[in-house]
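To start, the structure under review is shown below, and the notes come after it.
The values are calculated or read from the model by the stated rules, or taken from the named source; none is laboratory data. Keep in mind the model is a prediction, meaning the values are calculated, not measured. Glycine gets a Cβ as well: all are built from the backbone with ideal geometry, and neighbour counts include every protein chain shown. All accessible areas refer to the heavy atoms of the entire protein, side chains included, with ligands and DNA or RNA removed. Shrake-Rupley method; radii C 1.70, N 1.55, O 1.52, S 1.80 Å.
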Amino acid sequence: MFLELIEQLYSIFTPFRVVGYLTFRSAFAALTTLLICFIFGAKIIEYLQKLKIGQSIRLDGPQTHLIKSGTPTMGGILIIISVVIAMLFWGNLQNRAVWITMCAFIAFGAIGFIDDYLKVKKHNSEGLPAWAKLAGQFAAAIAIVLVIYYSGEENITALYIPFFKDPVFDMGFWWIPFAVLLVVGESNAVNFSDGLDGLLAGLLIIVFLTLAVLTYISGRYDFSAYLGIPHIPQAAELTVFCLAAAGACVGFLWFNAHPAEVFMGDVGSLSLGGVIAVISLITKKEILILICGGVFVLEIASVIIQVVSFKLRKKRVFKMAPLHHHYELMGWSETKTVIRFWVLGGLFAIIALSTLKIQ
């Protein structure tokens, strides 16, 4: 929208051409979301408090968390609004990948919003029934994956694995159920990682910065050819979205840092988790995203292991799942747990980026 308007002014004032550069727009998209969060964050928190939209805390979790009961939740709305505004200003809205990503972002955000709203209405930590929540996620994921599948992109069904320059094999039709499971799994993995002040926001900053690098080099023929990775012309524009999301998470972290003034809620975690997976599908980094978001994989794996172990053996492997609560119950302070998980997230991101050259 804004980009198209500025393009019409190129002939009048040539310095406006700088707005056409992808790096410039990406940087200002991040700045836009950051400023929106800084300026309107406190007002939105105050509004949520007036509506009595407070977080319900699990009674079986760490007892130190009980003091957080009533803290405003659904703060992810601020992230969604700021990113959408930034993309309207700085994104190329003629790019198909941008629209697919934005639709996924909003669709999963809507599911999270309904879940959060029901939690607030019922005044407990139970929102949508598990089956309804999964049904919504699968419906959104199937629709998005089918759009990507029929978009006509070359090698869309090819499976690339880190350390291998060429695709391992073409999954054909089976790429569709694989992609759907990846989107649903990633959105839930990110959701499970949201349990401590600042934990998820910090991890998402790392992941989106990493994705910004991946989308940028995937969209440039010279870089992708040098590194031997798939060249996806449409992917370059997603750099704007990734940095906008990173900026929004930084702005949100300002209010979400310990002690948190607001929680992200499912409206934020589901939307951001789902969109991470969608970007990985578009850029053909389906496996690499599991390394980049390694902490998310560990979090959801701990939940699965805990449930399976209790069902089969009537014993728990962890003191509590997801994994961050296990370490809290082992005696780690909340701040120490968060920072150590951030460090781990940074290590996973470094490993993911290093695989681009080692192949």
Length gained when the stretch H258-W332 is fully extended (0.36 nm per residue, less Cα-Cα span): 25.2 nm
Candidates M330, M102, M320, ranked by Gaussian network fluctuation over the chain, Cα under 10 Å, top entry: M330
Cα-based helix-to-principal-axis angle, 96-122 vs the chain, degrees rounded to 10: 20 degrees
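Would you work out the Kirkwood radius for the stretch 92-225? I mean one over the mean of 1/r across all pairs of different Cα atoms, in Å. Mind showing how you got there, number by number?
Details: mean 1/r = 0.0583 Å⁻¹.
Computed over Cα pairs of the stretch 92-225, the Kirkwood hydrodynamic radius comes out at 17.2 Å.
Please return the longest range in the chain lying between exposed loop sites, taking trypsin sites (Lys or Arg not before Pro), DSSP loop only, at most 12 other beta-carbon atoms within 10 Å, and leaving the sites out. Provide the component values of the computation, followed by the final result.
Numbers: sites that count: K52, K165, K314, K315, K357.
Result, exposed sites excluded: 166-313.
With every protein chain kept in the model, how would you rank I350, I205 by accessible area, 1.4 Å probe, largest at the top? Let's see the in-between values first.
Working: I350 110, I205 25 Å².
The ordering from most to least exposed comes out as I350, I205.
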Size of the stretch 210-340 as Cα extents on the principal axes (Å, biggest first): 53, 38, 25
Charge dipole (debye, nearest 20) of the stretch 285-359; +1 at Cβ of Lys and Arg, -1 at Cβ of Asp and Glu: 380 debye
Among V184, Y21, L146 - extreme Cα towards positive end, dipole of the chain, charges at beta-carbon: V184
Residue-level accessible surface for E186, protein heavy atoms, 1.4 Å, Å²: 10 Å²
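What is the chain's relative contact order, in percent, from Cα pairs under 8 angstrom and six or more apart in sequence? Display every interim value, and only then the final one.
Working: 610 pairs, mean separation 89.5, N = 359.
Relative CO of the chain lands at 25 percent.
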Exposed-site-free run, longest, the chain (rule: chymotrypsin sites (Phe, Trp or Tyr not before Pro); DSSP loop; at most 10 other C-beta within 10 Å): 164-359
log₁₀ of I(q)/I(0) at q = 0.07, 0.12, 0.13 Å⁻¹ - the chain, Debye sum with one point per alpha carbon: -0.29, -0.87, -1.02
Whole-percent carbon and sulfur share, accessible surface of the chain, 1.4 Å: 70 percent
Bins of 5 Å, starting at 0 and running to the largest distance - Cα pair percent for the stretch 247-317: 3, 13, 14, 17, 18, 16, 12, 5, 1
Degrees between helix 76-90 axis and first principal axis of the chain (Cα, 0 to 90, nearest 10): 10 degrees
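Among rounded, prolate and oblate, which fits the stretch 178-229 when a ≥ b ≥ c are the square roots of the eigenvalues of its C-alpha gyration tensor, a/c under 1.5 means rounded, and a/b larger than b/c means prolate? If you can, show how the numbers build up before the last one.
Working: a/c = 4.94, a/b = 1.76, b/c = 2.81.
The shape class here is oblate.
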Long pairs among K43/K122; K52/K284; K52/K133; K311/K357; K133/K311, criterion Cα-Cα beyond 32 Å: K52/K284; K311/K357
Per residue, in Å², the accessible surface of the chain once ligands and nucleic acids are set aside, probe 1.4 Å: 46 Å²
Degrees separating the helix 199-219 axis from the principal Cα axis of the chain, which is the longest one: 20 degrees
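Divide, for the stretch 300-357, the radius of gyration over alpha carbons by 2.2 N^0.38 Å, where N is the residue count.
On the way: Rg = 14.6 Å, N = 58, 2.2 N^0.38 = 10.3 Å.
For the stretch 300-357, the normalised Cα radius of gyration comes out at 1.42.
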Under 5 Å, built H, 5+ apart or other chain: amide partners of A158: M171
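Counting Lys +1, Arg +1, Asp -1, Glu -1, what net charge surrounds S218 among other residues with beta carbon under 9 Å of its beta carbon?
Once positives and negatives cancel, what remains is +3.
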